[in-house]
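Q: Sharing a structure here in structure tokens format.
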Amino acid sequence: MSRMMDFKALPKIELHAHLSGSISRQCLHDVWVKKHQAGETTLEDPLIQMPLGKHDYDLETFFPLFSSYIYHLVNDPWSLRYTTLSVLADFVADGVVYLELRTTPRALPTHEEYVQAILDAIAEFEAQVPPPKLRTKLILSIDRRNPPATAFSVLSLCRKFYGHGVVGLDLCGDPASPTSLLHSFTPIFSAARSSLPNLGITLHFAEASCSGTDQELDLLLSWRPDRIGHVIHLSDKIRQRIKDCDKKIGLELCLSCNVHANMITGGFEGHHFGEWWKVPETIVTLGTDDVGVFGSPLSNEYALVAKHFGLTQQEICDLARKGIDIIFGGDEEKERLRKIMWT
Ligand code: IMP
Ligand code: ZN
């Protein structure tokens, strides 16, 4: 039975993880101690601000955690490198062999230097001897709350770093920000499609009922995403549009995040993973979203689907391998993964 399977040892692909949300509380605490001792921060200790075991952040409390806390702690090149290396170490320890980490560029000190620092940390991590099994690529996020000019600068960064570790463009941010603001991003996503045809596009999609209107989802689908994340609040019409896409669209489903943040009802058994994982027109992949906040590593997400949806060992291996087809990291990487992932 799959319940006996070693989900940590299972080689896994993680395609939906936000860098700042993936930092463990212990790592944030380490950063805080150093800054506190140097008199560089007046913030409260992360272990008090976000006590170990607290995972019930909802859409109202989740986003301010970044804007009013984590971004003030991880606010210089040193802490960015330190936390990125720690995130990579956590993923490899959990048996992740391929990671697409996404992040919203910040001025640290410039947006370009922020991206370069993360790519440098990835290169440093991969240069270890013996080399870790994990390979990591970067997706740059447009925050839907930001003005078009900021969003355009994310596309410019994609142009600059495409071929140097950046493989995709994401739309993320608080789903409560209005659909009307999204229209101004259409030229950005169409420019991404025309000027960088191999850049992957992934969008946070129908995360909340306010961001699940047909009007918004029709708009997002018109940007021709390769993958969509969450996929919770959608009408039958949009469901059908997803199935009718020319190319199989990837669904990045994040069970623990959705359950802990009360984004769905009915607990794990009620999660729409059950609805989608066998739909032949799509490819489902499991993601952690923000393991530092919701506390469930990818191995646990596999254990959860085995437990709540009764997947056999064979089905678990098939589910993990299906993700290979929808990575943004290119054919060589796909070949490597086909060799090392369990059949
Ligand atoms: P960062 O982009 O590496 O700084 O990661 C944190 C950011 O990711 C947050 O400020 C949010 O904008 C975004 N984010 C993390 N999780 C979610 C999610 O579930 N939905 C939408 N945006 C998210
Ligand atoms: Zn996300």
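Q: What about T104, is it within 16 Å of ligand 1 (Cβ to nearest atom), in contact (Cβ under 8 Å) with a residue 40 or more places away in the chain, among the β-branched types (V, I, T) and under 20 Å from C172 (Cβ atoms)? Spell out the reasoning first.
A: Details: within 16 Å of ligand 1 (Cβ to nearest atom): yes; in contact (Cβ under 8 Å) with a residue 40 or more places away in the chain: yes; among the β-branched types (V, I, T): yes; under 20 Å from C172 (Cβ atoms): yes.
Yes, satisfied.
Q: Could you tell me which residue of the range 81-101 is surrounded by the fewest Cβ atoms within 10 Å (Cβ to Cβ), considering only residues that are within 10 Å of ligand 1 (Cβ to nearest atom) and among the hydrophobic types (A, V, I, L, M, F, W, C)?
A: Out of the qualifying residues, it is L101.
Q: Shifting gears a bit: Looking only at the range 173-205, count how many residues are within 21 Å of G250 (Cβ to Cβ), open to solvent by 10 Å² or more (accessible area, probe 1.4 Å) and touching a strand residue (DSSP E or B) at 6+ places or on another chain (Cβ under 9 Å).
A: Number of matching residues: 4.
Q: Could you list, ordered by first residue, the pairs with Cβ atoms under 7 Å in which the first is in the range 29-45 and in contact (Cβ under 8 Å) with a residue 12 or more places away in the chain and the second is open to solvent by 90 Å² or more (accessible area, probe 1.4 Å), at least 6 apart or interchain?
A: Qualifying pairs under 7 Å: L43/H72.
Q: Anything in the range 219-238 that is in contact (Cβ under 8 Å) with a residue 12 or more places away in the chain and more than 16 Å from ligand 1 (Cβ to nearest atom)? List them, or say none.
A: L219, L221, S222, W223, R224, D226, S235, K237, I238
Q: Of all residues in the range 66-95, how many are within 16 Å of ligand 2 (Cβ to nearest atom) and in contact with a Ser or Thr (Cβ under 9 Å, 6 or more places away or on another chain)?
A: Within the range 66-95, residues that are within 16 Å of ligand 2 (Cβ to nearest atom) and in contact with a Ser or Thr (Cβ under 9 Å, 6 or more places away or on another chain) number 4.
Q: Give the number of residues within the range 239-248 that are of a type outside the set (A, V, I, L, M, F, W, C), touching a residue at least 24 places away in the same chain (Cβ under 8 Å) and part of a loop (DSSP other than H, G, I, E, B).
A: 2
Q: In this structure, is A38 closer than 26 Å to E100 by Cα, more than 16 Å from ligand 2 (Cβ to nearest atom) and exposed (fewer than 13 other Cβ atoms within 10 Å of the Cβ)?
A: Working: closer than 26 Å to E100 by Cα: no; more than 16 Å from ligand 2 (Cβ to nearest atom): yes; exposed (fewer than 13 other Cβ atoms within 10 Å of the Cβ): yes.
Against the criterion (closer than 26 Å to E100 by Cα, more than 16 Å from ligand 2 (Cβ to nearest atom) and exposed (fewer than 13 other Cβ atoms within 10 Å of the Cβ)), A38 does not qualify.
Q: Note down all Cβ pairs under 6 Å where the first residue falls in the range 194-218 and is farther than 15 Å from C172 by Cα, the second is within 16 Å of ligand 2 (Cβ to nearest atom) and open to solvent by 50 Å² or more (accessible area, probe 1.4 Å), and they're at least six residues apart or on different chains.
A: What qualifies is S209/H233.
Q: Considering only the range 122-153, state which residues are closer than 20 Å to P197 by Cβ and either open to solvent by 10 Å² or more (accessible area, probe 1.4 Å) or in a loop (DSSP other than H, G, I, E, B) (or both).
A: If the condition is that a residue be closer than 20 Å to P197 by Cβ and either open to solvent by 10 Å² or more (accessible area, probe 1.4 Å) or in a loop (DSSP other than H, G, I, E, B) (or both), then K137, F152 are the ones that fit.
Q: Taking A191 as meeting all but one of (1) out of contact with any Lys or Arg (no Cβ under 8 Å at 6 or more places or on another chain); (2) within 16 Å of ligand 2 (Cβ to nearest atom), write down the number of the exception.
A: Here A191 clears every test but (2).
Q: Separate question: Output the qualifying pairs, or none if there are none: Cβ atoms under 7 angstrom, residues six or more apart or on different chains, first residue in the range 70-86 and free of Cβ contacts under 8 Å to residues at least 40 places away in the same chain and over 19 Å from F125 (Cα atoms), second residue away from ligand 1 (no atom under 13 Å from the Cβ) and not hydroxyl-bearing (S, T, Y).
A: Pairs found: H72/L43.
Q: Let me ask something additional. Sort out which residues of the range 285-304 are on the phi > 0 side of the Ramachandran plot and assigned to a loop (DSSP other than H, G, I, E, B), and write them in order of number.
A: Matches in the range 285-304: G295 only.
Q: Out of everything in the range 223-254 that is in contact with a Ser or Thr (Cβ under 8 Å, 6 or more places away or on another chain) and over 22 Å from V167 (Cβ atoms), what residue ends up being surrounded by the fewest Cβ atoms within 10 Å (Cβ to Cβ)?
A: K243
Q: Just the residues that are surrounded by 16 or more Cβ atoms within 10 Å (Cβ to Cβ) and either part of a helix (DSSP H, G or I) or modelled with pLDDT under 95 (or both), please, taken from the range 157-172.
A: Listed by number, the residues that qualify are L157, C158, F161.
Q: Has the range 17-29 got any residue that is closer than 21 Å to F294 by Cα, open to solvent by less than 10 Å² (accessible area, probe 1.4 Å) and more than 16 Å from ligand 2 (Cβ to nearest atom)? Steps first, answer last, please.
A: Initially, the range 17-29 is screened for residues closer than 21 Å to F294 by Cα, giving 17-29.
Okay, now just the ones that are also open to solvent by less than 10 Å² (accessible area, probe 1.4 Å), so 17, 19, 21-23, 27-28.
From the residues that got through so far, the ones that are more than 16 Å from ligand 2 (Cβ to nearest atom) too are 27-28.
Yes, some residue in the range 17-29 is closer than 21 Å to F294 by Cα, open to solvent by less than 10 Å² (accessible area, probe 1.4 Å) and more than 16 Å from ligand 2 (Cβ to nearest atom).
Q: Being within 16 Å of ligand 1 (Cβ to nearest atom), open to solvent by less than 50 Å² (accessible area, probe 1.4 Å) and modelled with pLDDT of 95 or more narrows it down to one residue among V259, V305, V284; which is it?
A: The unique qualifying residue is V259.
Listed here are the residues, each with its yes/no results for (1) part of a strand (DSSP E or B); (2) of a type in the set (A, V, I, L, M).
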residue	(1), (2)
G250	yes, no
V259	no, yes
T265	no, no
G274	no, no
P280	no, no
I283	yes, yes
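The values are calculated or read from the model by the stated rules, or taken from the named source; none is laboratory data. Keep in mind that this is a model prediction, so the values were computed, not measured. Note that each Cβ is placed from the backbone with ideal geometry, even for glycine, and that neighbours are counted across all protein chains shown. Remember, those area values only see protein heavy atoms, side chains included, never the ligands or the DNA or RNA. Shrake-Rupley method; radii C 1.70, N 1.55, O 1.52, S 1.80 Å.
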